[in-house]
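K.L.:
Can you keep this structure in mind? I'll have questions shortly.
Computed from the coordinates by the stated procedures, all read-outs in this text should not be read as laboratory data. Remember, predicted model here, so these are calculated numbers, not experimental data. When we count neighbours, we look across all protein chains shown, and the Cβ atoms used for this are built from the backbone with ideal geometry, even at glycine.
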Amino acid sequence: MEASTTTSASKTPADFLKSIRGKRVVVKLNSGVDYRGILACLDGYMNIAMEHTEEYVNGQLKNKYGDAFIRGNNVLYISLAK
Amino acid sequence: MALPTKQSAAPNNPSLLLPSELVDKCVNEKVWIIMKNGHKEFTGTLKGFDVYVNCVLEDAIEYDRDQESGKETTKNLESILLNGNNICMIVPGGERS
Amino acid sequence: MASASDGGEDQATLANQQTNIDESTVKEPLDLVRLSLDERVYVKLRNDRELRGKLHSYDQHLNMLLGEVEEITTIREVDEETYEEIIKSNKRSVPYLFVRGDAVTLISPHEIRS
C-alpha cells in the first residue's frame, strides 16, 4: 500500500522519518512533556530511540538520559530542532 | 494508489469527493488541524500524509489553550511529523477562525 | 524479537515501508530495550509513576518483567488557600513486577537518579 498519493513535491511521513535520522529533534508527548535529543532510530509505531535526551516539563529541564526509548503511542509530534 | 477510485467508492454519485481526496488536495497548501482533545491546534503547509493521516507539516505553528486561564500559547516549529492518532479535523486554508 | 511489521496494530504499513527502506542500517528502537536485558533500567509510566528495576524480559508491547523494583508515585495537589503546588512522592519496594506495556512512556537503560 502506498503511503499517499504523491505529487512531485510532497513529503510523506515515511519520507520524513527517513530524513530525520541522526538529527536533533524535539519529540512532544500527548502529556505535554518534550524530549530533546539526537534521534538514533525509530520504527513504524513511532517508537523512538534517542541519544543525549533532555526531558522538559513546562519548558523546564527536568532530567537527562544518555539513551531513551519512547513508546510511540504517546507521541504527539516529532519536530526537527532548530 | 491507496485511495479507491470515485467509481468503485460511489458508482451512482459522480460528485462525491472522498475524505482522503480532500486531504490530498491540500498537499503543499496551508491547513488548519484541530486535535481531539479540544484545546490543541496546528497550522502549517501540509507536505504529505499517509493512510493513518499522520501529517508532515512545514512552518508549523502549535496553538495550545490553557483550560483554566484560557490563555493561548503558540510555538513555531520548522518541520514536524504530527501523529494522526489525535487529529480530529483538517481544514483547508490554514486560517484559524 | 518484536519486528515492527508484526501486524495487529494500526501503524504496521508504515513499519513495512521503514524496514524495506533501510533493512541493513536500521537498528530499531526496541534494540535499545533488548540491550538492557538483565540490567537495571529506569521506566517512566503514565500518571507520574516511575520504576527502577532489573529487566528480566519484555515483549513487543513493552510488557515487562522487572525484579527488585523501586516504585515511585508522585501526587500533585494544589493547596486551596495558598494555591501552592504540593508534590508528594511515595516510594515502595516490590520484589517482582509485571508492567503492562500500554502504561509505559519511556525506558532508559541506565538507572539514573533524578
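K.L.:
Using only the Cα atoms of chain A, what do you get for the radius of gyration and for Dmax, in Å?
P.N.:
Reported Rg and Dmax, both Å: 13.4, 42.
K.L.:
Apply the Karplus curve 6.51 cos²θ - 1.76 cosθ + 1.60, θ = phi - 60°, to the phi angles in region C:90-99 and return the couplings in whole Hz, x for Gly and Pro.
P.N.:
Listing the rounded values in order: 10, 10, 8, 10, 10, x, 8, 9, 9, 10 Hz.
K.L.:
Taking the Cα-to-Cβ direction at residue B:22 and at residue C:46 and moving 7 Å from each Cα, how far apart do the two end points lie in nm?
P.N.:
3.0 nm
K.L.:
Could I ask something else about it? How compact and how long is region C:54-114, expressed as Rg and Dmax of its alpha-carbon atoms in Å?
P.N.:
Considering region C:54-114 through its Cα atoms, Rg and Dmax are 15.2, 47 Å.
K.L.:
Quick check for me: using +1 on Lys/Arg Cβ and -1 on Asp/Glu Cβ, what's the dipole size of chain A about its Cα centre, in debye to the nearest 20?
P.N.:
220 debye
K.L.:
So if I place +1 on the C-beta of Lys and Arg and -1 on the C-beta of Asp and Glu, and nothing else carries charge, what would the dipole magnitude of region C:29-107 be about its Cα centre? I want it in debye, nearest 20.
P.N.:
So the magnitude is around 440 debye.
K.L.:
Would you check region B:23-92 for Lys pairs whose C-alpha atoms are within less than 17 Å, ignoring same-chain pairs closer than 8 in sequence, and give me the count?
P.N.:
5
K.L.:
For chain A, what does -39500 (n - 2.57) per DSSP helix run (n ≥ 4), summed and divided by total residues, give at 222 nm, in deg cm²/dmol to the nearest 500?
P.N.:
Helices in chain A give a 222 nm mean residue ellipticity of -2000 deg cm²/dmol.
K.L.:
Given the -39500 (n - 2.57) contribution per DSSP H run of 4+ residues, what per-residue ellipticity at 222 nm results for chain B, rounded to the nearest 500 deg cm²/dmol?
P.N.:
One gets -2500 deg cm²/dmol as the mean residue ellipticity at 222 nm.
K.L.:
List the lysines whose alpha-carbon lies under 22 Å from that of residue C:44, not counting same-chain residues fewer than 8 positions away?
P.N.:
Partners found: A:28, A:62, A:64, C:54, C:88, C:91.
K.L.:
May I pose another question? What Kirkwood radius, in Å to one decimal, follows from the Cα pairs of region B:23-92?
P.N.:
12.1 Å
K.L.:
Here's something else I'd like to know. Which net charge results when you count Lys and Arg as +1 and Asp and Glu as -1 among the other residues whose beta-carbon is under 11 Å from that of residue A:13?
P.N.:
Charge balance near residue A:13 sits at +1.
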